[in-house]
1. When N is the residue count of the chain, what does its C-alpha Rg come to as a fraction of 2.2 N^0.38 Å?
2. Taking amide hydrogens as modeled 1.01 Å from N in the peptide plane, which residues meet the under 5 Å criterion relative to S41, leaving out close sequence neighbours?
3. Taking amide hydrogens as modeled 1.01 Å from N in the peptide plane, which residues meet the under 5 Å criterion relative to A53, leaving out close sequence neighbours?
4. List T52, T35, T10, T106 from most exposed to least, where exposure is judged by having the fewest other Cβ atoms within 10 Å.
5. Loop sites only, by DSSP: take the chymotrypsin sites (Phe, Trp or Tyr not before Pro) in the chain that have at most 13 other C-beta atoms within 10 Å and name the longest stretch containing none of them.
6. Which whole-Hz ³J(HN,Hα) couplings does the stretch 31-47 yield from phi under the Karplus relation 6.51 cos²θ - 1.76 cosθ + 1.60, θ = phi - 60°, glycine and proline marked x?
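Every number in this text was worked out from the coordinates using simple rules, so none of it is lab data. Model, not experiment: these values are computed from the prediction. Neighbour counts run over all protein chains shown; Cβ positions are idealised from the backbone, glycine included.
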Amino acid sequence: MKYVIMFTSTPELDAAVSPEHAEQVYRRVYEWFGTHGSVISDAGAELQPVTTATTVRQGDGAPVVVDGPFSESKEVIGGFSVLDVADLDAAIAIVKTWPMLELPGTSVEIRPMVVDYSHMEQ
């Protein structure tokens with residue numbers, strides 16, 4: 001089963017982490033990807049800061065382009081990867097070892113991917 005895992009954080013809380021601590025955690029992040037490489041079917045990507053985001057949304061009858069994310073949440077998605085594991089329990093077990101979870105305001109969202117579109121065939 002494939003799951004997208006989205007790494008989220010809270011920018012205000014990220015800014016409070018000392019550069020030394022952040023460097024230690026990032027080192028462990030690289031190790032984490034190496035350790036779990038056999039079940040990561042797509043390493044995904046780290047995203048640029050939310051301040052670089054552009055959103056297209058529906059306006060008065062036509063799409064409108066706005067600066068920044070359209071989401072009203074305090075957390076932002078900083079990156080994503082795809083896991084290919086037996087089930088949700090396996091995905092949770094791996095995500096629980098994500099090194100950045102020790103930082104305040106950090107979380108990982110897990111979502112199953114749609115991989116079979118045969119029900120849409122006519």
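1. For the chain, the normalised Cα radius of gyration is 1.24.
2. Result for S41 returns V82, L83, D84.
3. Residues meeting the criterion, in which the H sits 1.01 Å from N, are G68.
4. Fewest-to-most Cβ neighbours within 10 Å comes out as T52, T35, T10, T106.
5. Working: sites that count: F70, Y117.
Excluding the exposed sites themselves, the longest stretch runs over 1-69.
6. Using θ = phi - 60°, the values come out as 5, 4, 4, x, 4, 9, x, 5, 10, 8, 7, 8, 5, x, 6, 8, 9 Hz.
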